[in-house]
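> Right, I'll just put the structure down here and ask away after.
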Amino acid sequence: MSLRTRLTLSNVALLSLTLVLLGVLLRGIVARQALMELDRELTVRGQFVQQNFGRGGGPRTAPPGGIDGLPFLQIYDAQGRSRVQSSLAPDPTAIKQTLQTGQPRFTQTDTQRLYTVALRASQGSLAFQTGLPLSRVGQQVRAASQALLTLLPLALILVTGLSLFLTDRSLRPLEAAFERQKRFTADASHELRTPLSIVKTAAELGRTNTGADEESRALFARIEKTADRTASLVTNLLQLARSDSGKLPVSCDTIDLPAFLAEVTDEARLLFPGGATLEIGPCAATLHADPQLLFQLLHNLLTNALRHTTKEGTVTVSATENTVTVADTGTGIAPEHLPHLTERFYRADTARARQGGGTGLGLAICMAIVEAHSGKLTIESTLGTGTIVRAFLPQK
């Protein structure tokens, strides 16, 4: 998955989460406002009754529908006797507490929002309790939820568009700089190949010149070796530049694994004569991949393993129908280095890698080759035990 895609998805996820949280917050605000509206209406009823009920002596006889259309639930006297009743169930606890304290109280049942206030009558304290259905709150919350759901598709489209805009704006300078870097690397690598070839040829002629003294021939040999290493570095950089631009050619074919592994290991043995034992483990009959790229992948893994394994150790290469594995009994790699091993020019042991001829690009190229096959490279290692590298190459 590209950086642009990951960043776009992250922005969409973040903005969508923000949208959801705002929706939940808005729904809560609507519910709270609806409940406050009920409380204001109930308070008005309580104040009306306190101001008008029982004037001129004991409590009036209230009609079933209430006073001036205001429905009463209950009116209780201080002895707990019901003076006015309706068919709705009261909250006796709130009535009792209001009679004791004289303070108005809001309470709630599963279906009603209740308000209880104390009244003063000629025969003593009374408690008035009225209520409104909570279904009114539910209706407003459902209406708000329906509105949010209706606007959700439009909001998601706007969020996606905003995410694409933000991603493009943030990545454009980085992509431009990265493109310039890739172009420079490719151009420089290409331009350096010809002068390096000239230097190598001149050094080789000097080394093989029978008229030169021993010291001069040794100097030419060092120049030739340095030119070889530099040419290898330039070739690796050019290959990585092609990989970065998506121009690393992949031409898959069916590979005869036993013969292929034998060829790769024979070449690796020539590079490390007298080194660790190099073995071929169990392998499948065939594997579908680019032969040239797979050869380079295994060559890099094997030379890396042999470079870091003593002559008493063992390096084993094996393969299944979709995975090649290189395991060694070498020095191993510390855990803090493992996440960085496929980074370019990264060396877990800088001094040792330079002495061994490493450039820090081998595993980066292995990763590029595996990714060109849409595969996955994994590295497991334990200090003092060894390292196992697996390259999964999906079969198409």
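> Net charge around PHE165, counting only other residues with Cβ within less than 13 Å of its Cβ (Lys, Arg = +1; Asp, Glu = -1)?
Counting the neighbours of PHE165, the net charge comes to +2.
> Next up: How high is the FRET efficiency between VAL199 and LEU338 when r is their beta carbon distance and R₀ equals 35 Å, given to the nearest 0.05?
The pair VAL199/LEU338 has a calculated efficiency of 0.40.
> Same structure again: Residues with beta-carbon under 14 Å from that of PRO273, excluding PRO273: net charge, scoring Lys, Arg +1 and Asp, Glu -1?
Local charge sum for PRO273: +1.
> Same structure again: What order, most packed first, do the peptides 261-269, 293-301, 104-112 have when packing is the mean number of other Cβ atoms within 10 Å of each residue?
Result, highest mean Cβ count within 10 Å first: 293-301, 261-269, 104-112.
> Residue by residue, what Karplus-based ³J(HN,Hα) values in Hz, rounded to whole numbers, does the range 319-332 have, using 6.51, -1.76 and 1.60 with θ = phi - 60° and x for Gly and Pro?
7, 10, 5, 9, 9, 10, 10, 10, 10, 9, 10, x, 6, x
> Sort the following peptides by mean Cβ neighbour count (other Cβ atoms within 10 Å, averaged over residues), highest first: 138-144, 211-217.
Ranking the peptides 138-144, 211-217 by packing returns 138-144, 211-217.
> Then there is this: Taking Cα centroids, how far is the range 293-353 from the range 18-54 in Å?
70
> Could you tell me the calculated FRET efficiency between ARG142 and ARG172, based on Cβ-Cβ distance and R0 = 45 angstrom, to the nearest 0.05?
Rounded to the nearest 0.05, the efficiency is 0.50.
Where a number appears in this text, it was derived from the coordinates with a stated rule and is not lab data. Just so it is clear, the structure is predicted and the values come from calculations on it, not from any experiment. Every residue, glycine among them, receives a Cβ derived from its backbone with ideal geometry; neighbour counts consider all protein chains shown.
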